[in-house]
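Notes follow the structure.
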Amino acid sequence: MKLTLRKYQSDHDYWNIRALLRELFLANDHREISWPLYRWDYWRWHVNENILKFDLSAAIFIWETAEGRLAAVLHPDGAGEAFLQVHPTCRCPELEVAMLSVAETQFATTQADGRQRLVVWAHENDQLRQDVLKRRGYARGNHPEYQRRREMSLPIPDVPTPAGYTLRALGDLDELRARSWLSWKVFHPHEPDEKYEGWAWYTNIQRAPLYRRDLDLVAVAPNGAFAAFCTLWYDEATRTAAFEPVGTHPEHQRTGLGKALMAEGLRRVRDLGATLCTVGSYTDAAGALYASLGFIEYDVSEPWVKAW
């Protein structure tokens with residue numbers, strides 16, 4: 001099959017990539033061999049808009065069929081990383097090699113010793129990609145992602161809310177300051193508060209097409225402060241929900257608060273019609289929490305590293 005390579009051009013491509021990822025998720029039997037839709041939205045409107053600020057026309061590469069149908073998309077996540085999204089009907093070693101050649105030229109980062117380095121992610125069962133990576137000098141790296149899932153037909157644990165706390169959806173604009181501050185304390189527990197950069201970034205998250213405020217949940221402490229959060233993304237087309245992110249303030253950890261909040265989230269997406277829910281984990285502690293809520297089954301996405 002002859003494919004044509006071009007760069008990302010406009011919001012029209014953004015919506016076409018969303019449609020492609022939905023199609024891939026269904027074609028891959030609801031496995032995250034390619035990015036699920038929520039992750040694309042989250043990357044576009046949070047990771048890139050607020051943090052990385054890539055020029056999308058320089059960072060996203062598209063392969064199309066002669067009929068103009070998207071066959072594959074190449075893009076980074078963070079600096080020095082590449083993700084290859086490929087339609088199953090177009091998969092072949094030649095396309096993988098072509099995409100890796102672009103990734104190595106465009107996304108590799110220069111290390112302190114002057115060498116180039118690139119990380120490419122591959123599903124544990126993707127033998128085709130693993131074989132190509134090995135031939136090009138990549139080696140399996142550390143810190144894989146555990147892509148956990150649970151069928152929503154499973155019972156949801158009845159998790160009591162710790163005394164004095166309340167669970168609810170995030171409120172209006174005036175609550176974004178508190179929500180943003182909580183994220184800072186969760187993900188930067190050892191950073192000085194002077195590095196906090198404000199709350200305006202959260203308005204970008206709320207611009208994502210899949211965002212729903214009724215699924216952006218917070219736990220409120222007895223003193224009125226936000227103590228924990230979890231955001232769910234629900235795609236009606238695939239009837240799949242996903243948690244991203246999940247966190248509890250260090251002062252409120254080990255109370256069962258995060259588990260109670262996630263159980264509330266599961267009930268909400270079940271009532272919306274979700275048949276599957278997913279969550280990613282990288283640590284044993286997070287994996288244990290998610291397993292206790294029924295996320296027992298998982299696949300593994302592995303980083304493959306090349307330095308030259």
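Here are a few things to note about the model shown:
- Filter result for G164 (without any contact (Cβ under 8 Å) to a residue 40 or more places away in the chain, of a type in the set (G, A, S) and out of contact with any strand residue (DSSP E or B) (no Cβ under 9 Å at 6 or more places or on another chain)): no
- Filtered residues of the stretch 109-129 (kept if among the small types (G, A, S) and either surrounded by fewer than 19 Cβ atoms within 10 Å (Cβ to Cβ) or more than 14 Å from V86 (Cβ to Cβ) (or both)): A112, G114
- Scope the stretch 205-244; condition farther than 16 Å from G265 by Cβ and either among the basic types (K, R) or at pLDDT below 95 (or both); matching residues: R207
- A58 outside any helix (DSSP H, G or I), of a type outside the set (D, E, K, R) and more than 23 Å from R31 (Cβ to Cβ): no
- The lone exception for Y202 - which of (1) surrounded by fewer than 18 Cβ atoms within 10 Å (Cβ to Cβ); (2) over 26 Å from N28 (Cβ atoms); (3) within 17 Å of the chain's Cα centre (by Cα) it fails: (1)
- Scanning the stretch 232-255 for residues that are surrounded by 16 or more Cβ atoms within 10 Å (Cβ to Cβ) and among the small types (G, A, S) gives A241, A242, G247.
- Residue match in the stretch 227-250 (condition: aliphatic (A, V, I, L, M), assigned to a loop (DSSP other than H, G, I, E, B) and in contact with a helix residue (DSSP H, G or I) (Cβ under 7 Å, 6 or more places away or on another chain)): yes
- Scope the stretch 177-200; condition part of a helix (DSSP H, G or I) and either closer than 16 Å to Q253 by Cα or at pLDDT 95 or above (or both); matching residues: R177, A178, R179, S180, W181, L182, S183, W184, K185, V186, F187
- Among the numbered conditions (1) closer than 30 Å to E236 by Cβ; (2) in contact (Cβ under 8 Å) with a residue 12 or more places away in the chain, the only one that A108 does not meet is (1).
- The condition (being under 25 Å from the mean Cα position of the chain (by Cα) and farther than 24 Å from L3 by Cβ) is satisfied by just one residue among R129, R115, R149: R149.
- For the stretch 21-43, a tally of residues being touching a Lys or Arg at 6+ places or on another chain (Cβ under 9 Å) and outside any loop (DSSP other than H, G, I, E, B) returns 5.
- Filter pass, N48 being part of a helix (DSSP H, G or I), surrounded by 19 or more Cβ atoms within 10 Å (Cβ to Cβ) and polar (S, T, N, Q): yes
- Selected residue (criterion: nearest to I156 (Cα to Cα)) from residues of the stretch 266-286 that are basic (K, R) and surrounded by fewer than 17 Cβ atoms within 10 Å (Cβ to Cβ): R267
The values are calculated or read from the model by the stated rules, or taken from the named source; none is laboratory data. Fair warning: this is a prediction, and the values are worked out from it, not measured in the lab. Note: ideal-geometry Cβ built from the backbone for every residue, glycine included; neighbour counts use all protein chains shown.
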